[in-house]
1. The conditions are (1) modelled with pLDDT of 80 or more; (2) touching a helix residue (DSSP H, G or I) at 6+ places or on another chain (Cβ under 6 Å); (3) of a type outside the set (S, T, N, Q), and residue 2 fails exactly one of them. Which is it?
2. Working only within segment 58-75, note down all residues that are modelled with pLDDT of 90 or more, at negative phi and not in a helix (DSSP H, G or I).
3. Hey, can you tell me all the residues within segment 19-31 that are at pLDDT 90 or above and aromatic (Phe, Trp, Tyr)?
4. I'm checking my understanding of the structure. Among residues of segment 47-57 that are at pLDDT 85 or above and in a loop (DSSP other than H, G, I, E, B), which one is nearest to residue 21 (Cα to Cα)?
5. Being modelled with pLDDT under 80 and among the aromatic types (Phe, Trp, Tyr) is the requirement here; does residue 42 meet it?
6. For residues that are among the acidic types (Asp, Glu) and more than 12 Å from residue 55 (Cα to Cα), tally how many sit in segment 1-40.
7. Kindly list, by first and then second residue, each pair from a residue in segment 63-75 that is in contact (Cβ under 8 Å) with a residue 40 or more places away in the chain to a residue that is of a type in the set (Val, Ile, Thr), limited to pairs with Cβ atoms under 7 Å and residues at least 6 apart or on different chains.
8. Hey, can you tell me all the residues within segment 5-18 that are of a type in the set (A, V, I, L, M) and either surrounded by 13 or more Cβ atoms within 10 Å (Cβ to Cβ) or modelled with pLDDT of 95 or more (or both)?
Amino acid sequence: MIRYDRAGLLIVDLQVEKALFKIHRHFLAQYSPALEGLFELFDNQVETRGEKDPVIMEGDSYRGWEALLGLFYRA
């Protein structure tokens, strides 16, 4: 679910519908108090399982997350 990338930044794996997004934690924590609180629970439990245990975003849409992430990660 939460792991480090090669640069030492925390990555969160989110599953939205059937898609898996790999997102830098600081973007999510900065703009979502709810996700920031969730991450605080995991601060001492950083794992390397990644895709095997993503955070499942039930009720969210792929298109919505794609649009949001487009603001964070501009091509």
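1. Looking at each condition in turn, residue 2 falls short on (1).
2. Within segment 58-75, 58, 60, 61 meet the criteria.
3. Listed by number, the list holds a single entry, 21.
4. 54
5. yes
6. 3
7. Every condition considered, the pairs that remain are 65/16; 69/23.
8. Just the residues of segment 5-18 that are of a type in the set (A, V, I, L, M), to begin with: 7, 9-12, 14, 16.
Listed by number, the residues that qualify are 10, 11, 12, 14, 16.
The values are calculated or read from the model by the stated rules, or taken from the named source; none is laboratory data. None of the values given here were measured: they were computed from a predicted structure. Neighbour counts run over all protein chains shown; Cβ positions are idealised from the backbone, glycine included.
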